[in-house]
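Below is one structure; the comments refer to it alone.
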Ligand SMILES: [Zn+2]
(Lines give C-alpha, C1' and ligand atoms only; values in the text may rest on other atoms or scores of the structure.)
Protein backbone atom coordinates (compact mmCIF):
# COMPACT_ATOMS: atom_id res chain seq x y z
CA UNK A 1 0.00 0.00 0.00
CA UNK A 2 1.27 3.45 -0.84
CA UNK A 3 1.67 5.94 2.00
CA UNK A 4 -1.62 7.49 3.04
CA UNK A 5 -2.52 10.43 5.21
CA UNK A 6 -4.34 9.59 8.44
CA UNK A 7 -7.61 10.90 6.96
CA UNK A 8 -7.18 8.74 3.86
CA UNK A 9 -6.33 5.76 6.05
CA UNK A 10 -9.52 6.18 8.08
CA UNK A 11 -11.58 6.35 4.85
CA UNK A 12 -10.00 3.37 3.12
CA UNK A 13 -9.28 1.10 6.10
CA UNK A 14 -11.11 -2.24 6.07
CA UNK A 15 -14.56 -2.41 7.73
CA UNK A 16 -14.26 -2.72 11.49
CA UNK A 17 -10.89 -1.00 11.62
CA UNK A 18 -12.25 2.37 12.56
CA UNK A 19 -12.34 3.19 16.26
CA UNK A 20 -14.99 5.55 17.56
CA UNK A 21 -13.93 8.58 19.55
CA UNK A 22 -15.69 7.18 22.64
CA UNK A 23 -13.70 3.97 22.40
CA UNK A 24 -10.55 5.97 21.77
CA UNK A 25 -11.13 8.05 24.86
CA UNK A 26 -11.52 4.96 27.08
CA UNK A 27 -8.52 3.34 25.43
CA UNK A 28 -6.16 6.25 25.98
CA UNK A 29 -7.18 6.67 29.59
CA UNK A 30 -6.50 3.02 30.28
CA UNK A 31 -3.36 2.57 28.25
CA UNK A 32 -1.05 5.10 26.66
CA UNK A 33 1.53 2.56 25.53
CA UNK A 34 1.96 2.72 21.77
CA UNK A 35 3.41 -0.79 21.52
CA UNK A 36 0.34 -2.31 23.22
CA UNK A 37 -2.10 -0.65 20.79
CA UNK A 38 -3.17 -2.01 17.42
CA UNK A 39 -2.12 -0.08 14.34
CA UNK A 40 -5.73 1.07 13.64
CA UNK A 41 -5.96 2.31 17.23
CA UNK A 42 -2.79 4.37 16.77
CA UNK A 43 -4.13 5.76 13.48
CA UNK A 44 -7.41 6.69 15.18
CA UNK A 45 -5.56 8.32 18.08
CA UNK A 46 -3.56 10.45 15.66
CA UNK A 47 -6.69 11.40 13.72
CA UNK A 48 -8.32 12.43 17.01
CA UNK A 49 -5.43 14.78 17.82
CA UNK A 50 -3.25 12.58 19.99
CA UNK A 51 -0.10 13.78 18.24
CA UNK A 52 2.46 13.97 21.05
CA UNK A 53 4.68 11.11 22.12
CA UNK A 54 7.01 10.62 25.09
CA UNK A 55 10.09 8.39 24.98
CA UNK A 56 12.08 7.53 28.10
CA UNK A 57 15.81 7.03 27.64
CA UNK A 58 17.01 4.65 30.35
CA UNK A 59 19.93 2.38 31.15
CA UNK A 60 20.86 -1.13 32.23
CA UNK A 61 23.75 -0.59 34.61
CA UNK A 62 24.95 -1.25 38.15
CA UNK A 63 22.88 0.26 40.93
CA UNK A 64 24.80 -0.70 44.06
CA UNK A 65 24.53 -3.95 46.05
CA UNK A 66 20.76 -3.65 46.63
CA UNK A 67 19.13 -2.76 43.28
CA UNK A 68 18.96 -4.61 39.93
CA UNK A 69 20.58 -3.42 36.71
CA UNK A 70 17.23 -2.51 35.09
CA UNK A 71 16.46 0.39 37.47
CA UNK A 72 16.69 3.24 34.95
CA UNK A 73 14.77 1.31 32.28
CA UNK A 74 11.95 0.44 34.70
CA UNK A 75 11.87 3.97 36.14
CA UNK A 76 11.77 5.30 32.58
CA UNK A 77 8.71 3.18 31.81
CA UNK A 78 6.85 4.75 34.74
CA UNK A 79 8.17 8.30 34.32
CA UNK A 80 7.21 8.45 30.63
CA UNK A 81 3.61 7.46 31.44
CA UNK A 82 3.36 10.09 34.19
CA UNK A 83 4.84 12.81 31.94
CA UNK A 84 2.53 11.81 29.06
CA UNK A 85 -0.54 12.09 31.32
CA UNK A 86 0.52 15.59 32.40
CA UNK A 87 1.28 16.76 28.85
CA UNK A 88 -2.06 15.40 27.56
CA UNK A 89 -2.82 14.14 24.05
CA UNK A 90 0.31 12.01 24.23
CA UNK A 91 1.20 8.35 23.81
CA UNK A 92 4.29 6.61 25.21
CA UNK A 93 6.73 4.97 22.81
CA UNK A 94 8.85 2.01 24.01
CA UNK A 95 11.56 3.01 26.47
CA UNK A 96 15.08 2.97 25.05
CA UNK A 97 16.35 0.55 27.67
CA UNK A 98 20.13 0.81 27.20
CA UNK A 99 21.89 4.16 27.50
CA UNK A 100 25.32 5.78 27.74
CA UNK A 101 26.82 4.06 30.79
CA UNK A 102 30.55 4.00 30.05
CA UNK A 103 31.21 5.52 33.50
CA UNK A 104 29.65 2.40 35.12
CA UNK A 105 31.51 -0.18 33.02
CA UNK A 106 33.91 -1.18 35.81
CA UNK A 107 30.89 -2.78 37.54
CA UNK A 108 29.85 -6.22 36.27
CA UNK A 109 26.77 -6.49 34.10
CA UNK A 110 26.56 -2.87 32.92
CA UNK A 111 25.68 -2.45 29.24
CA UNK A 112 26.61 0.75 27.42
CA UNK A 113 25.81 2.34 24.08
CA UNK A 114 28.27 4.65 22.37
CA UNK A 115 26.93 8.19 21.99
CA UNK A 116 26.57 7.75 18.24
CA UNK A 117 24.59 4.53 18.73
CA UNK A 118 22.17 6.24 21.09
CA UNK A 119 21.85 9.17 18.69
CA UNK A 120 21.13 6.79 15.79
CA UNK A 121 18.38 5.11 17.82
CA UNK A 122 16.83 8.44 18.89
CA UNK A 123 17.00 9.67 15.29
CA UNK A 124 15.23 6.57 13.95
CA UNK A 125 12.53 6.83 16.65
CA UNK A 126 11.97 10.50 15.78
CA UNK A 127 11.79 9.98 12.00
CA UNK A 128 9.48 6.95 12.36
CA UNK A 129 7.11 8.78 14.66
CA UNK A 130 7.09 11.93 12.50
CA UNK A 131 6.26 9.86 9.40
CA UNK A 132 3.11 8.61 11.14
CA UNK A 133 1.98 12.13 12.00
CA UNK A 134 3.27 12.72 15.53
CA UNK A 135 3.96 16.44 15.87
CA UNK A 136 5.64 16.70 19.29
CA UNK A 137 8.35 14.23 20.23
CA UNK A 138 9.52 14.41 23.86
CA UNK A 139 12.65 12.57 25.07
CA UNK A 140 12.84 12.07 28.85
CA UNK A 141 16.12 10.69 30.24
CA UNK A 142 15.78 8.47 33.33
CA UNK A 143 19.55 7.98 33.57
CA UNK A 144 22.15 10.67 34.33
CA UNK A 145 24.52 9.61 31.54
CA UNK A 146 21.91 10.33 28.85
CA UNK A 147 21.28 14.01 29.65
CA UNK A 148 24.45 15.32 27.95
CA UNK A 149 24.17 13.14 24.81
CA UNK A 150 20.49 14.12 24.40
CA UNK A 151 21.36 17.82 24.66
CA UNK A 152 24.13 17.39 22.07
CA UNK A 153 21.99 15.49 19.54
CA UNK A 154 18.89 17.69 19.72
CA UNK A 155 19.81 19.90 16.75
CA UNK A 156 20.39 16.84 14.57
CA UNK A 157 17.07 15.28 15.62
CA UNK A 158 15.24 18.51 14.79
CA UNK A 159 16.97 18.80 11.41
CA UNK A 160 15.89 15.26 10.48
CA UNK A 161 12.16 16.03 10.43
CA UNK A 162 9.94 18.65 8.79
CA UNK A 163 9.36 21.88 10.73
CA UNK A 164 5.79 20.82 11.60
CA UNK A 165 7.27 18.20 13.95
CA UNK A 166 8.98 19.58 17.03
CA UNK A 167 11.51 17.60 19.07
CA UNK A 168 12.15 18.30 22.76
CA UNK A 169 14.33 16.76 25.45
CA UNK A 170 14.65 17.36 29.18
CA UNK A 171 18.39 17.90 29.67
CA UNK A 172 18.86 19.53 33.10
CA UNK A 173 20.58 16.93 35.31
CA UNK A 174 21.05 19.26 38.27
CA UNK A 175 17.39 20.27 37.94
CA UNK A 176 16.35 16.61 38.04
CA UNK A 177 18.33 16.11 41.26
CA UNK A 178 16.45 19.08 42.71
CA UNK A 179 13.10 17.34 42.07
CA UNK A 180 14.27 14.37 44.18
CA UNK A 181 15.73 16.55 46.94
CA UNK A 182 12.49 18.53 47.23
CA UNK A 183 10.43 15.35 47.34
CA UNK A 184 12.52 13.67 50.06
CA UNK A 185 12.64 16.90 52.11
CA UNK A 186 8.84 17.14 51.93
CA UNK A 187 8.14 13.49 52.72
CA UNK A 188 10.91 12.71 55.24
CA UNK A 189 12.42 15.98 56.49
CA UNK A 190 16.05 15.59 57.49
CA UNK A 191 16.79 12.78 55.03
CA UNK A 192 17.23 14.96 51.92
CA UNK A 193 21.01 14.85 52.43
CA UNK A 194 20.84 11.16 51.42
CA UNK A 195 19.87 12.12 47.86
CA UNK A 196 22.98 11.72 45.74
CA UNK A 197 21.43 10.77 42.43
CA UNK A 198 22.32 7.12 42.03
CA UNK A 199 20.94 4.09 43.90
CA UNK A 200 20.22 6.53 46.75
CA UNK A 201 17.20 6.97 49.02
CA UNK A 202 15.17 8.55 46.20
CA UNK A 203 15.91 6.04 43.48
CA UNK A 204 15.62 3.05 45.86
CA UNK A 205 12.25 4.39 47.06
CA UNK A 206 11.02 4.70 43.47
CA UNK A 207 11.95 1.06 42.91
CA UNK A 208 9.97 0.04 46.01
CA UNK A 209 6.94 1.42 44.12
CA UNK A 210 7.83 0.05 40.66
CA UNK A 211 9.54 -3.34 41.21
CA UNK A 212 9.57 -4.11 44.97
CA UNK A 213 10.34 -7.74 44.17
CA UNK A 214 13.81 -6.70 42.97
CA UNK A 215 14.77 -4.42 45.89
CA UNK A 216 17.10 -5.96 48.50
CA UNK A 217 16.35 -3.50 51.27
CA UNK A 218 18.56 -5.33 53.78
CA UNK A 219 21.61 -4.60 51.57
CA UNK A 220 21.00 -0.83 51.40
CA UNK A 221 24.15 1.14 52.28
CA UNK A 222 25.65 4.57 52.42
CA UNK A 223 27.71 5.54 49.36
CA UNK A 224 29.42 8.82 48.56
CA UNK A 225 27.49 11.53 50.40
CA UNK A 226 28.50 14.81 48.76
CA UNK A 227 26.81 17.78 47.16
CA UNK A 228 26.06 16.87 43.54
CA UNK A 229 27.21 19.70 41.32
CA UNK A 230 28.80 20.20 37.90
CA UNK A 231 32.30 19.49 39.28
CA UNK A 232 31.27 16.10 40.72
CA UNK A 233 29.39 15.21 37.53
CA UNK A 234 32.48 16.05 35.45
CA UNK A 235 34.70 13.88 37.66
CA UNK A 236 32.30 10.94 37.40
CA UNK A 237 32.06 11.12 33.61
CA UNK A 238 35.85 11.55 33.25
CA UNK A 239 37.19 9.08 35.83
CA UNK A 240 34.32 6.63 36.21
CA UNK A 241 31.87 5.92 38.97
CA UNK A 242 34.08 3.57 40.96
CA UNK A 243 36.67 6.33 41.43
CA UNK A 244 34.24 8.27 43.63
CA UNK A 245 32.11 5.48 45.12
CA UNK A 246 33.42 1.89 45.41
CA UNK A 247 29.97 0.43 46.21
CA UNK A 248 28.34 2.22 43.26
CA UNK A 249 25.99 4.38 45.34
CA UNK A 250 25.91 8.16 45.17
CA UNK A 251 24.09 9.30 48.29
CA UNK A 252 22.68 6.95 50.89
CA UNK A 253 20.10 4.25 50.17
CA UNK A 254 18.98 3.77 53.77
CA UNK A 255 15.58 5.08 54.85
CA UNK A 256 13.79 4.26 51.59
CA UNK A 257 9.98 4.08 51.59
CA UNK A 258 7.11 3.79 49.13
CA UNK A 259 5.80 7.19 50.26
CA UNK A 260 9.11 8.83 49.33
CA UNK A 261 9.10 6.92 46.04
CA UNK A 262 5.65 8.05 44.93
CA UNK A 263 6.49 11.65 45.83
CA UNK A 264 9.80 11.50 43.89
CA UNK A 265 8.04 10.11 40.80
CA UNK A 266 5.29 12.75 40.97
CA UNK A 267 7.67 15.65 41.61
CA UNK A 268 10.00 14.65 38.77
CA UNK A 269 7.12 14.11 36.33
CA UNK A 270 5.60 17.50 37.15
CA UNK A 271 8.93 19.32 36.87
CA UNK A 272 9.84 17.64 33.59
CA UNK A 273 6.39 18.07 31.99
CA UNK A 274 6.35 21.75 32.90
CA UNK A 275 9.84 22.26 31.48
CA UNK A 276 9.02 20.38 28.24
CA UNK A 277 5.78 22.26 27.65
CA UNK A 278 7.58 25.55 28.13
CA UNK A 279 10.41 24.62 25.73
ZN1 LIG B 1 19.59 5.06 38.12
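The values are calculated or read from the model by the stated rules, or taken from the named source; none is laboratory data. Here the structure is a predicted model, which means the values were calculated and not measured. Cβ: placed from backbone, ideal geometry, glycine included. Neighbour counts: every protein chain shown.
Below, the figures for the structure above:
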| read-out | value |
| --- | --- |
| Count - residues of the range 179-198 that are within 20 Å of the chain's Cα centre (by Cα) and either in a loop (DSSP other than H, G, I, E, B) or away from the ligand (no atom under 16 Å from the Cβ) (or both) | 1 |
| Only one of 133, 109 that is at positive phi and within 16 Å of the ligand (Cβ to nearest atom) | 109 |
| Pick from the range 29-61, criterion surrounded by fewer than 17 Cβ atoms within 10 Å (Cβ to Cβ) and part of a helix (DSSP H, G or I), ranking: nearest to the ligand (Cβ to nearest atom) | 35 |
| Condition broken by residue 79, with the remaining ones in (1) buried (at least 24 other Cβ atoms within 10 Å of the Cβ); (2) within 10 Å of the ligand (Cβ to nearest atom) satisfied | (2) |
| Matching residues, the range 112-130, being outside any helix (DSSP H, G or I) and either within 16 Å of the ligand (Cβ to nearest atom) or under 26 Å from residue 269 (Cβ atoms) (or both) | 112, 113 |
| Residue under evaluation residue 132, criteria (1) more than 18 Å from the chain's Cα centre (by Cα); (2) farther than 24 Å from residue 44 by Cβ, criterion not met | (2) |
| Residues (over 30 Å from residue 44 (Cβ atoms), away from the ligand (no atom under 16 Å from the Cβ) and either out of contact with any helix residue (DSSP H, G or I) (no Cβ under 6 Å at 6 or more places or on another chain) or in the same structural domain as residue 180 (by TED's automatic domain parsing) (or both)) located in the range 136-166 | 151, 152, 154, 155, 156, 159 |
| Any hit, the range 240-252, residues being in a helix (DSSP H, G or I), under 21 Å from residue 58 (Cα atoms) and touching a residue at least 24 places away in the same chain (Cβ under 8 Å) | yes |
| Those residues of the range 199-218 which are assigned to a helix (DSSP H, G or I), surrounded by fewer than 18 Cβ atoms within 10 Å (Cβ to Cβ) and touching a strand residue (DSSP E or B) at 6+ places or on another chain (Cβ under 9 Å), in sequence order | 214 |
